[in-house]
1. Could you calculate the contour length gain from E99 to E25, that is, 0.36 nm times the residue separation minus the distance between their Cα atoms, to one decimal place in nm?
2. Could you calculate the FRET efficiency of K84 with I15 from 1/(1 + (r/R0)^6), where r is the beta carbon distance between them and R0 is 30 Å, rounded to 0.05?
3. First compute the accessible area of region 1-78 with a 1.4 Å probe, then give the percent of it belonging to carbon and sulfur atoms.
4. Order these peptides, 58-64, 89-95, by their mean beta-carbon neighbour count within 10 angstrom, highest first.
5. Given the convex hull of the Cα atoms of region 1-62, what is a quarter of its surface area in nm²?
6. With every protein chain present, what is the per residue accessible area of region 1-92 (1.4 Å probe, Å²)?
7. With each run of n ≥ 4 DSSP H residues scored as -39500 (n - 2.57), what mean residue ellipticity at 222 nm is computed for the chain after dividing by its residue count and rounding to the nearest 500 deg cm²/dmol?
8. Please report the equivalent ellipsoid semi-axes of the chain, computed as sqrt(5 x eigenvalue) of the Cα gyration tensor, largest first, in whole Å.
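The values are calculated or read from the model by the stated rules, or taken from the named source; none is laboratory data. Computed from a predicted model, the values in this text were never measured in an experiment. Using ideal geometry, Cβ is built from the backbone for each residue, glycine included, and neighbour counts are taken over all protein chains shown. With ligands, DNA and RNA removed, areas are computed over all heavy atoms of the protein, side chains included. Shrake-Rupley method; radii C 1.70, N 1.55, O 1.52, S 1.80 Å.
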Amino acid sequence: MNWENMFDFERLEEISGGDLEFQREILEAFLEDSRETLVRVRQSWQTQDAGAIADGAHQIKGSSSNVGASSIQKIALELERQAKQGNLSDTLAAIEGLEEQLDGVSLFIRERLSV
């Protein structure tokens, strides 16, 4: 997997002070929160609740920005924009893209940040 496309490593280094253990903790918390939010987004998609989808995407966008998960931030930004416009035609693909990217974060933690 191409980690450089997934993360803004400067941001991750900045917030962790270069401490790999702290990076792991930050990313594990991000992963758990984002997966929970994404479950709610998927449920909102099933009921076609564009407002709730936009809210969930906004949460993921913000937290991914905070930890330097730039690829997730981009997908969440687009999902939020589309949901605010009431366009839910690509929502499922975006949800699946976010799930795939979160799996990538989990893989990154296991491969690169294992203690």
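1. 24.7 nm is the gain from fully extending E99 to E25.
2. Between K84 and I15 the formula returns 0.60.
3. Ligands and nucleic acids excluded, carbon and sulfur reach 49 percent.
4. In decreasing order of mean packing, 58-64, 89-95 become 58-64, 89-95.
5. Mean projected area of the Cα convex hull: 4.9 nm².
6. On a per-residue basis, 54 Å².
7. My calculation for the chain gives -27000 deg cm²/dmol from helical runs alone.
8. Semi-axes from the Cα gyration tensor: 27, 12, 12 Å.
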